[in-house]
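For reference, the structure is listed below as structure tokens.
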Amino acid sequence: MTRTEYPWLLPSAMAEAELPGDRARARRTVRDWVVDITAFLIAALIALIALAAIENEGSTPDPVLVVDSVIGAAACCALWVRRRWPVGLAAALTALSIVEPVAGGAMMVALFSLAVHRPFKPVAIVGAGALIVAPLQPWLRPDPDTGYLTSVIFGVLLILLVLSWGMAVRSRRQLVLTLRERARRAEAEAELRAEQAQRLAREAIAREMHDVLAHRLTLLSVHAGALEFRPDAPTAEIARAAGVIRDSSHEALQDLREIIGVLRGPGDTGEGERPQPTLTTLDALIDESRQAGMKVTVDQRVAAPGDAPAATGRTVYRIAQECLTNARKHAPGTEVTVTVTGGPGDGLTIEVANPAPTEPYERVPGSGQGLIGLTERATLAGGRLEHGPTPDGGFVVRARLPWPAA
């Protein structure tokens, strides 16, 4: 999260919000010390001016002047706790200013601090009290050089100005804090979206690697198992199995390079992108499975497979590839039926079915993620996919995908 470059220039409340959890920031910042010293000096200057006016007036006894001086100094010193007890201090100085003109400057600073650090309700209550008692001080201790009405009007306007200024400062600080919180939430949401995007990208890569490599690796597993359990097989059959293993390994490496190329991006290599599988390459996939020893029956009733949308054709290819892989692992020796029908406006339907295996076989472990990935692929393509066992113990996968009319 972005932070202020110079937090010591912020008020302590905003600096604490800037660095939550850092207790040291709850203390006065450099800016607070400058403001507090300036407020103390202003209040002291106003007290000295008032005390000089009282002394020049000449009608006030010396003991009263001494009491005024002590009370004025105490009022100014009390301003150092205005951040901790703004309401109590402002109320006390307001009451004190009724009989002590030297406390007027401290009262104004306390009212300003109250308006800055507290919400409207306590400010309104103390401010109303200050306005009510404003006519009392000129009446109890009048200034001979200023008329009573002038003193009252000046006092009321000064109180309203100080309170308005303080509330404006508070509103601005709240606005800054609100904008900062929005920025913090926006950054957190951006980080969350980035994490979600990374997770989705990882899942997409994992699905692609599963769909592409599982088919090849299953071929390797099946033929390697055949060589292991039939060491006395004819030389021609061993050579054919070894050829399939070699070809499948080569294709797996090529597919792995393709995925890595996608991860690196087209700008990282000088090679062009490999052609993606489409509906027209489905026959090559079937031939490859037949060469591996599978029994596959194809019923393709698509008049112009080359006209099928690329995304739809690729999804059909991946569905057939995953289904053939699963049949090879979980129902070896059975005949797999692949049916593809449809056309523009009617959509594409692919169904892959296999009966239950009749001969014992070595079970190949599976995670079940392939069918989940196929369902997601079909959904992303705008279609739907259904799968499940058949009454005779076999398994069927059926998907319907959109093919818009020309």
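The values are calculated or read from the model by the stated rules, or taken from the named source; none is laboratory data. Remember, predicted model here, so these are calculated numbers, not experimental data. When we count neighbours, we look across all protein chains shown, and the Cβ atoms used for this are built from the backbone with ideal geometry, even at glycine. Note: accessible area is taken over every heavy atom of the protein model, side chains too, but ligands, DNA and RNA are not part of it. Shrake-Rupley method; radii C 1.70, N 1.55, O 1.52, S 1.80 Å.
Scanning the range 100-140 for residues that are loosely packed, with under 14 Cβ neighbours inside 10 Å and either within 39 Å of the chain's Cα centre (by Cα) or not assigned by the TED database to the domain that holds L65 (or both) yields a total of 3. Restricting attention to the range 300-318, the residues that are surrounded by 20 or more Cβ atoms within 10 Å (Cβ to Cβ) and over 30 Å from A242 (Cβ atoms) add up to 6. Checked across the range 178-199, the condition of being at pLDDT below 80 and not small (G, A, S) holds for at least one residue. Meeting the requirement of 2 or more residues that are among the small types (G, A, S), the helices (runs of 4 or more DSSP H) wholly within the range 90-193 are 104-117, 120-133. A Cβ distance below 6 Å, combined with a sequence gap of six or more or placement on separate chains, defines the contacts here; from the range 112-139, residues that are closer than 19 Å to R82 by Cβ reach residues that are basic (K, R) and outside any helix (DSSP H, G or I) in the pairs S113/R82.
Screening E189 on (1) closer than 22 Å to V123 by Cβ; (2) surrounded by fewer than 16 Cβ atoms within 10 Å (Cβ to Cβ) shows it passes everything except condition (1). Of all the listed residues (S97, S164), the sole one being crowded, with 16+ Cβ neighbours inside 10 Å and out of contact with any strand residue (DSSP E or B) (no Cβ under 7 Å at 6 or more places or on another chain) is S97. Taking the criterion of being open to solvent by 40 Å² or more (accessible area, probe 1.4 Å), at pLDDT 70 or above and of a type in the set (G, A, S), the residues of the range 219-248 that qualify are S221, A224, A236, A239, A242.
Entry remark, the range 80-89: residues being closer than 21 Å to A168 by Cα, part of a helix (DSSP H, G or I) and either open to solvent by 30 Å² or more (accessible area, probe 1.4 Å) or modelled with pLDDT under 85 (or both) number 1 in total.
Select from the range 342-360 the residues that are within 47 Å of the chain's Cα centre (by Cα) and loosely packed, with under 15 Cβ neighbours inside 10 Å and list them in ascending order.
Filtering the range 342-360 for residues within 47 Å of the chain's Cα centre (by Cα) gives 342-354.
Within the range 342-360, G345, D346 qualify.
Residues of the range 326-337 that are at pLDDT 85 or above and in contact with a helix residue (DSSP H, G or I) (Cβ under 6 Å, 6 or more places away or on another chain): V336 alone. Please verify whether the range 357-379 includes one or more residues that are aliphatic (A, V, I, L, M), assigned to a loop (DSSP other than H, G, I, E, B) and touching a residue at least 40 places away in the same chain (Cβ under 8 Å). Within the range 357-379, one or more residues are aliphatic (A, V, I, L, M), assigned to a loop (DSSP other than H, G, I, E, B) and touching a residue at least 40 places away in the same chain (Cβ under 8 Å). Across the range 41-66, the qualifying residues are those that are modelled with pLDDT of 80 or more and β-branched (V, I, T), and the one among them that is surrounded by the most Cβ atoms within 10 Å (Cβ to Cβ) is I46.
Residues in the range 284-299 include none that are under 22 Å from G382 (Cβ atoms) and crowded, with 20+ Cβ neighbours inside 10 Å. Of all residues in the range 37-76, those being under 52 Å from the mean Cα position of the chain (by Cα) and without any contact (Cβ under 8 Å) to a residue 24 or more places away in the chain number 3.
Restricting the range 319-335 to residues that are small (G, A, S) and part of a helix (DSSP H, G or I), which is surrounded by the fewest Cβ atoms within 10 Å (Cβ to Cβ)? Looking at residues that are small (G, A, S) and part of a helix (DSSP H, G or I), I get A320.
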